[in-house]
Each structure stands twice: as C-alpha cells, then as structure tokens.
1. Looking for whichever is outside the structural domain of G63 (by TED's automatic domain parsing), open to solvent by 10 Å² or more (accessible area, probe 1.4 Å) and either over 25 Å from I261 (Cβ atoms) or of a type outside the set (S, T, N, Q) (or both) here; the options are A144, A171. Which one fits?
2. Does the range 96-112 include one or more residues that are surrounded by 13 or more Cβ atoms within 10 Å (Cβ to Cβ) and within 17 Å of the chain's Cα centre (by Cα)?
3. Name every residue in the range 58-77 that is free of Cβ contacts under 8 Å to residues at least 24 places away in the same chain and of a type outside the set (D, E), in order of residue number.
4. Being more than 15 Å from the ligand (Cβ to nearest atom), in the same structural domain as G27 (by TED's automatic domain parsing) and open to solvent by 50 Å² or more (accessible area, probe 1.4 Å): is that true of R57 here?
5. Hey, could you check the range 62-81 for residues that are open to solvent by 50 Å² or more (accessible area, probe 1.4 Å) and assigned to a helix (DSSP H, G or I) and say which is nearest to the ligand (Cβ to nearest atom)?
6. Given the conditions (1) over 22 Å from the mean Cα position of the chain (by Cα); (2) open to solvent by 30 Å² or more (accessible area, probe 1.4 Å); (3) within 19 Å of N113 (Cβ to Cβ), report the number of the one that L14 does not fulfil.
7. Failed condition for A176, given (1) on the phi > 0 side of the Ramachandran plot; (2) among the aliphatic types (A, V, I, L, M); (3) surrounded by 22 or more Cβ atoms within 10 Å (Cβ to Cβ), with all others met?
8. Residue check, A159 against (1) of a type outside the set (S, T, Y); (2) surrounded by fewer than 23 Cβ atoms within 10 Å (Cβ to Cβ); (3) more than 9 Å from the ligand (Cβ to nearest atom), all met but one. Which one?
Amino acid sequence: MTTPRIAYVNGRFLPLEEATIPIMDRGFLFGDGIYEVTAVIGAHFVDNEPHLTRLDRSLSAIGIRNPHTTEEWVALQRELVQRNGMQEGVVYIEVTRGTFEREFTCPEDIAPNVVMFTQARSVLDNPAAEKGVAAITVEDQRWARRDIKSTALLAQVLAKFAAKAAKVAEAFMVEAGVVTEGASSTVFIVTNAGTLVTRPLSNAVLPGVTRRSVMRLARETGIHVEERLFTRQEMLAASEVFYTSASAFVMPVTEVDGERIGGGQPGPVTRRLRAIYLEEARKG
Ligand code: PDD
C-alpha cells in the first residue's frame, strides 16, 4: 500500500483528498492570493530564505497579513516534506486573503487561508537540461504588477498551453518587441561577446530568486553581467539563451520560434552556470 500524499491546510496535515478549502475562498473566486515554490534536495531547501522574503513582500503588496514568521514557515515546510518522505522535488505554499461571501471586497481582518503541498520529482537529473529545450515567444498579456507572485496566472496558463501546442518547453513573453520573462521563468541571453544579459527588475517582471543567485555566481566566476532590456531579435541572434526558475534551475534553450540559437547545443556559459548553481544547491 502506498502512503497517501499529505498536504497542509490551515494548521492541519491531511491526506491530499481530504485537504480542501471552502468554495468561497477568495483565491478560488478572484485569484486573490500569493504563492511560492521552493526546490527541495535531500534535507536542503534551495534558496528558501529569499523565497520566504518574497512571499512576505508579495503578501504585504496586496494587503494580506503574513500568517507565519519565517521560522514557522520553515518548520511547516520541513514537517510536510518529512511526512511525505520527499527526497527531491518542490514544496508549494499558497496564502489567499481568506473565505468570505463573494463580494469584491471583504473585511480586512478575515483569516488568510494557507495551503501547502509537495511535488516529488527529480530536479537534479533532468535529461532536458543535457540536450537543451525549445521555446516560443508569445505576446505578454499580463497585468501591470508582475513583481507580485500572484496566483492569478491566467495569461501564463494560456502561454503554457501555446507552448504545449507548439511542443516546446517554455513560452517567452514579449511586449512591444522586448522580452519580459518566461511564463514561469526568467530569461537570460549570452551575447556573442560573452556578456550575460537579463532584464532589470521593475513592476514588469517577477524578481526571480534563481535569477539573483545565478547573477551572483556569474559575477563570482568572472562573467560580465548586464541588466538591460533586450529584444526578441537580439535573443534570436544571441550565442546562448537559458531560463531560470526554482524548479528548472538553469535550463538551456537551443531553439526559439523554430530558429536555432548559437550552435543548437547548450552553450558553455549556460552549462557552467547550471553546474555551479547545482553544486551550491546540493551543498546547501
Ligand atoms: N515560477 N518569472 C515568472 C513569471 C515565474 O512564474 C517564475 C517562477 C520566475 C522564476 O522565479 P524563481 O527563480 O524565483 O522561481 C520568473 C514558479 C517556479 C512557478 O510558477 O511554478
């Protein structure tokens, strides 16, 4: 008999099938909530502190009280991972504004709903990262506060369906010819001169936790890093393209919109950054 997956809902650890929230939950009705995803490797939570800091920042940006201290969040994450016996995968946290009659506003003091679950998967050994993956570009159709990690992800869901229909791994969102970010990732290019380029932080993109670590590691390795806008055209002409996220780490992209990037293989800068990021993630 396999043990059931255990989820966490508002103070209780329950088998997934029993882990439910009311239909009047504002996350369900309005996408009125915030989420975070942290990778787990063995006993280590990869870059967990900045994920929990961003959770707090996102909640405060939309006026939801953070129901837990960082220490409490870490204890809940650890217990959940332990109860599921998960060695490798991700832990998901969602906090919604709470449950109330469906009205656009609600009292400020209603209790937030907290949901957590694990997704066991092999994050270290990823065959796609050896070969590289393909991506498409789509128009960025999102709202103006993309720096908030909101559960309102309809534009990203549609972008991912477009990627699925095109049989590629990721959709890169483009606004007036300029790349914003992936549907669930940060986009980087390596220019022919070997400079690592990614878009600067603003309301237009999520401040990626993996982005920050990869930029730091790149600088420590002596790679020149530039934060500036880049266009779809510049991306297509780049010598390397990759994307980063908590679940994909550093993912080489060898084709965009059917056009080959560089030599059509994961490039040396991408390989190096993936290797050193994983080395650090493993060590904890
Ligand atoms: N997504 N940009 C967007 C729009 C994202 O959704 C994500 C992550 C990132 C990368 O951020 P980070 O490196 O902090 O994971 C950038 C998560 C993994 C998800 O939605 O599943």
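The values are calculated or read from the model by the stated rules, or taken from the named source; none is laboratory data. None of the values given here were measured: they were computed from a predicted structure. Glycine also receives a Cβ, built like all others from the backbone with ideal geometry; neighbour counts cover every protein chain displayed. The area values use the complete protein model at the heavy-atom level, side chains included, leaving out ligands, DNA and RNA. Shrake-Rupley method; radii C 1.70, N 1.55, O 1.52, S 1.80 Å.
1. Details: A171 fails: open to solvent by 10 Å² or more (accessible area, probe 1.4 Å).
Among A144, A171, only A144 is outside the structural domain of G63 (by TED's automatic domain parsing), open to solvent by 10 Å² or more (accessible area, probe 1.4 Å) and either over 25 Å from I261 (Cβ atoms) or of a type outside the set (S, T, N, Q) (or both).
2. Looking only at the range 96-112, we keep the residues that are surrounded by 13 or more Cβ atoms within 10 Å (Cβ to Cβ), and these are 96-100, 106, 110, 112.
Retained after the next criterion (residues that are within 17 Å of the chain's Cα centre (by Cα)): none.
For the range 96-112, residues surrounded by 13 or more Cβ atoms within 10 Å (Cβ to Cβ) and within 17 Å of the chain's Cα centre (by Cα): absent.
3. We begin by selecting, within the range 58-77, every residue free of Cβ contacts under 8 Å to residues at least 24 places away in the same chain; these are 60, 69-73, 75.
Scanning the range 58-77 gives S60, T69, T70, W73, A75.
4. Values: more than 15 Å from the ligand (Cβ to nearest atom): no; in the same structural domain as G27 (by TED's automatic domain parsing): yes; open to solvent by 50 Å² or more (accessible area, probe 1.4 Å): yes.
No.
5. Once the filter is applied, the top-ranked residue is T70.
6. (2)
7. Condition not satisfied by A176: (3).
8. In the conditions (1) of a type outside the set (S, T, Y); (2) surrounded by fewer than 23 Cβ atoms within 10 Å (Cβ to Cβ); (3) more than 9 Å from the ligand (Cβ to nearest atom), A159 misses (2) alone.
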